[in-house]
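The values are calculated or read from the model by the stated rules, or taken from the named source; none is laboratory data. Keep in mind that this is a model prediction, so the values were computed, not measured. Using ideal geometry, Cβ is built from the backbone for each residue, glycine included, and neighbour counts are taken over all protein chains shown. When the accessible area is computed, the model is the full protein with side chains, heavy atoms only, and any ligands, DNA or RNA have been set aside. Shrake-Rupley method; radii C 1.70, N 1.55, O 1.52, S 1.80 Å.
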Amino acid sequence: MKEVALRAILFDFDGTIVDSERVYEDIFKKWMWEKHISFALQDKINAAIVPGLTWEDCFQVVMNVTKKKFDVSQARDEVTRRIEQYILDVGLPLKPGVRAAIEQLSPRYQLAIVSSSPAKVVERALRHHQIDQYFTHRTTREDITYPKPHPEPYLYTLQALQIKPEAAIAIEDSLPGAQSAAAAGIFVYVWPDQYFKPEQFADFAKVVYSFDEIIRDVLWPQWALAHIAIPRIP
């Protein structure tokens, strides 16, 4: 088989680079409490929200459940400011092994971020951990019209890097994110968030449980990437 010339590693951000989901949950719960949303309705809202959704999606769920209308953009900006402040005060923890993986991969491949989070949050977290210099490109919520699971975030990134889908791999933690990358024709590694089951990714992604597994594939590519089929969403 013809060997694939791997040129870029595309990282999801929340849940892949930073372990942010629990922090976001706490900030979101506080926002709902301040808006006088009952605990019963909060339970319904939380049941309908999974990792990988944009803040716009989350606030749309709130409106659907509570039957109340509010300014989604204003709510998103308010929560974003709180996240930025949290990063300044405390910082979002890195996922285990991600710094070592970034440092090993960056000399050989272009690294990029493909995120549905606002640019301010992504940049502040990267600078906080002093890893911003490793990423040659960031795609964030402001760059796209259709967020994950639509393929646009990954297609936009491929265009920005001027590479074909087969020259990249994506690293994700959520079903919407993995579907987005696969729909763009990119080989996907998934270190699944606890909300998702491995079998949900079986048809279009490779499930891993550490960055070391990915490192073994991409740094020893003579037997790895040359012999894997690019998974596609049916």
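Computed quantities for the displayed model
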{"item": "Selection status of Ile37, more than 30 Å from Val98 (Cα to Cα), among the β-branched types (Val, Ile, Thr) and not in a helix (DSSP H, G or I)", "result": "yes"}
{"item": "In the stretch 57-85, residue nearest to Ser116 (Cα to Cα) [restricted to those that are in contact (Cβ under 8 Å) with a residue 40 or more places away in the chain and of a type in the set (Asp, Glu)]", "result": "Asp57"}
{"item": "Qualifying residue in the stretch 183-190 (condition: surrounded by fewer than 21 Cβ atoms within 10 Å (Cβ to Cβ) and without any contact (Cβ under 8 Å) to a residue 12 or more places away in the chain)", "result": "no"}
{"item": "Within the stretch 161-218, considering residues that are among the β-branched types (Val, Ile, Thr) and under 13 Å from the mean Cα position of the chain (by Cα), the one farthest from Thr16 (Cα to Cα)", "result": "Val188"}
{"item": "Qualifying residues in the stretch 7-25 (those that are more than 22 Å from Glu152 (Cα to Cα) and modelled with pLDDT of 90 or more) - the one surrounded by the most Cβ atoms within 10 Å (Cβ to Cβ)", "result": "Val18"}
{"item": "Count - residues of the stretch 8-47 that are over 15 Å from Ser116 (Cα atoms) and among the β-branched types (Val, Ile, Thr)", "result": "5"}
{"item": "Test set (1) at negative phi; (2) in contact (Cβ under 8 Å) with a residue 60 or more places away in the chain; (3) of a type in the set (Gly, Ala, Ser) - Ala48 fails condition number", "result": "(2)"}
{"item": "Helices (runs of 4 or more DSSP H) within the stretch 138-221 that include 2 or more residues of a type outside the set (Val, Ile, Thr) and closer than 30 Å to Ser73 by Cα", "result": "152-161, 175-183"}
{"item": "Selection from the stretch 46-102 of residues that are over 23 Å from Ala181 (Cβ atoms) and either assigned to a loop (DSSP other than H, G, I, E, B) or aromatic (Phe, Trp, Tyr) (or both)", "result": "Phe59, Lys67, Lys68, Lys69, Phe70, Asp71, Tyr86, Val90, Gly91, Pro93"}
{"item": "Selection within the stretch 51-70 - open to solvent by less than 60 Å² (accessible area, probe 1.4 Å) and either at positive phi or of a type in the set (Val, Ile, Thr) (or both)", "result": "Gly52, Thr54, Val61, Val62, Val65, Thr66"}
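This table checks each residue for (1) hydrophobic (A, V, I, L, M, F, W, C); (2) modelled with pLDDT of 95 or more; (3) open to solvent by 40 Å² or more (accessible area, probe 1.4 Å); (4) farther than 28 Å from Glu56 by Cα.
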{"residue": "Pro151", "(1), (2), (3), (4)": "no, yes, no, no"}
{"residue": "Ile163", "(1), (2), (3), (4)": "yes, yes, no, yes"}
{"residue": "Glu166", "(1), (2), (3), (4)": "no, no, yes, yes"}
{"residue": "Asp173", "(1), (2), (3), (4)": "no, no, no, no"}
{"residue": "Phe204", "(1), (2), (3), (4)": "yes, no, no, no"}
{"residue": "Glu213", "(1), (2), (3), (4)": "no, no, yes, yes"}
{"residue": "Val218", "(1), (2), (3), (4)": "yes, no, no, yes"}
{"residue": "Ala226", "(1), (2), (3), (4)": "yes, no, no, yes"}
